[in-house]
Amino acid sequence: MTRRERFLTAVRGGVPDRVPLFDFLFQRPMYEALIGRTPAAYNARDAVALALALENDAVWLPYGGFSGFQPEYLDADTYIDEWGTTFRTNASSWPIDAPVAYPIASRSDLDAYRAPDPTLPGRAAEIEAAAGLEADGLAITGGVAGPFTACWMLMGYERMCYSIYDEPDLLTDVFRLCNEYNIEAARQCAAAGCDAIWVSEDLGDSTHGFLRLDTFRSLYLPHLVELTDAVDALGLPMLLHSCGRITDYLPDLAQTRIAAVHPMQRTAGMDLAWMKANYGSRFCLIGNIDSSRTLPYGTPAEVEAEVREALRVAAPGGGYVLASDHSLHDGIPPENILALRDTGLAYG
């Protein structure tokens, strides 16, 4: 199988020739160690090269900014992006900085707000660049935001929580605005050559989901379904990235057109054996190698043991992609990343 065939076979629930490998490549020292250069910004050329060095079968490339856009810098570490959200950068935030202030706090703010144009030139430039590279059959996956995450970036979590009770129509309208952008972004990703679409949508923390189940179903879920149906209509599988404990939401998510669930965070109690037994025939399962404890603090032997156990539990019958339970980030020693790769290749 080619890398693309291997990855897509697993995503669609089939049995590939070996378990595919994938990860979000968020660790700059790993770039230097394996491809001999450190990217200033996340980009196709370096992400593809590192994915191949790690024997990954897919690479993630987000739908991005438009050509020529320059953020407004408030100081050396703080800037406002084209959505009007204020971010702060630090040594460990690469490539995704943390929001610290938000443009929508009221109905009047929303009435005056104008969302960015998703069709401006350059947004798919890195996806197009990856499609044009000699990438040994690597699957190209595009990245867009889900309605909850995109709304969070515009309102902040605290304001969203108040709106559930004080002004649910405001929240609904922001969800709609976000979906309008990200549905078009998914279309542009498909046109640029993507094989699958990641929807980034953290729905919980380490103990529970962010929304009560009734609120999840009545206020939020219709907007996620709208986005997943739009991706499915493009003929591409939708891969859900959701950190946190999302077990309460799984029966509802299983009724959507979501093809895969990632990352099954261990520190949030997302048990891989339980997921395989209960949802392995419905979703491709991606991840579950502990990026909070074993990968950053364990030995290569401990990484190997955890990977082998994950493969034993989830690989039979197909529908599993080996990955960390979040990303390969700066806190993980390169030798543990290589242990993850080598064990996957040896036993997958």
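Computed from the coordinates by the stated procedures, all read-outs in this text should not be read as laboratory data. Quick caveat: nothing in here was measured; it's all calculated off a predicted structure. Methodologically, a virtual Cβ is constructed for each residue, glycine included, from the backbone with ideal geometry; neighbour enumeration extends over all protein chains shown.
Between 17, 111, 166, find the one with the highest GNM mean-square fluctuation for the chain; connect C-alpha pairs within less than 10 Å.
Residue with maximal mean-square fluctuation among 17, 111, 166: 111.
Within 10 Å of each candidate Cβ there may be at most 13 other Cβ atoms; applying that plus a DSSP loop requirement, which trypsin sites (Lys or Arg not before Pro) in the range 20-125 survive?
On the way: sites: 37, 45, 88, 107, 114, 123; in loops: 37, 114, 123.
Sites meeting the loop and neighbour criteria: 37, 114.
Restricting to the chain, what percent of DSSP beta bridges are antiparallel, rounded to 5?
Here the share of antiparallel DSSP bridges comes out near 30 percent.
For every helix of n ≥ 4 consecutive DSSP H residues, a contribution of -39,500 (n - 2.57) applies; sum these over the chain, divide by its total residues, and give [θ] at 222 nm rounded to the nearest 500 deg cm²/dmol. Don't skip to the end; give the middle numbers.
Numbers: 14 runs with 142 residues, N = 348.
Helix contribution divided over all residues of the chain: -12000 deg cm²/dmol.
Connecting C-alpha atoms closer than 10 Å in a GNM of the chain, tell me which of 142, 132, 280 has the biggest fluctuation.
Result: 132 has the largest fluctuation of those listed.
Quick one: what are the phi-derived ³J(HN,Hα) couplings along the range 166-183, Karplus 6.51/-1.76/1.60 with θ = phi - 60°, whole Hz, x for glycine and proline?
Using θ = phi - 60°, the values come out as 8, 7, x, 5, 5, 4, 4, 5, 6, 4, 5, 4, 5, 5, 4, 5, 6, 5 Hz.
Just to confirm my understanding: which cysteines in the chain have no other cysteine beta carbon less than 4.7 Å from their beta carbon?
That list is 151, 161, 178, 243, 284.
Please go through the range 109-143 and write out the GluC sites (Glu not before Pro) that DSSP classes as loop and that have at most 15 other C-beta atoms within 10 Å.
Here the GluC sites (Glu not before Pro) that fit, given the DSSP loop and packing criteria, are 134.
Amide H neighbours of residue 198 under 5 Å, counting only residues 5+ apart in sequence or on other chains, H built in-plane at 1.01 Å?
Residues meeting the criterion, in which the H sits 1.01 Å from N, are 142, 143, 144, 239.
Give the relative contact order (percent, whole number) for the range 1-158; include only Cα pairs under 8 Å separated by 6+ residues.
On the way: 217 pairs, mean separation 44.0, N = 158.
With pairs under 8 Å counted, the relative contact order is 28 percent.
Picking from 71, 99, 296, which is most flexible by a Gaussian network model of the chain using Cα springs under 10 Å?
Most flexible of the set in this elastic network: 71.
Fewest Cβ neighbours within 10 Å first, please rank 160, 270, 1 accordingly. Show your work: numbers first, answer last.
On the way: 160 21, 270 25, 1 14.
Least to most surrounded, the residues fall as 1, 160, 270.
Just add up the charged neighbours of residue 253: K/R +1, D/E -1, any other residue whose Cβ is under 12 Å from the Cβ of residue 253.
Summing Lys and Arg as +1 and Asp and Glu as -1 gives 0.
Quick one: 3J(HN,Hα) in Hz for the range 34-51, Karplus 6.51/-1.76/1.60 with θ = phi - 60°, rounded, Gly and Pro as x.
9, 10, x, 8, 10, x, 6, 10, 4, 8, 5, 4, 6, 5, 5, 4, 5, 4
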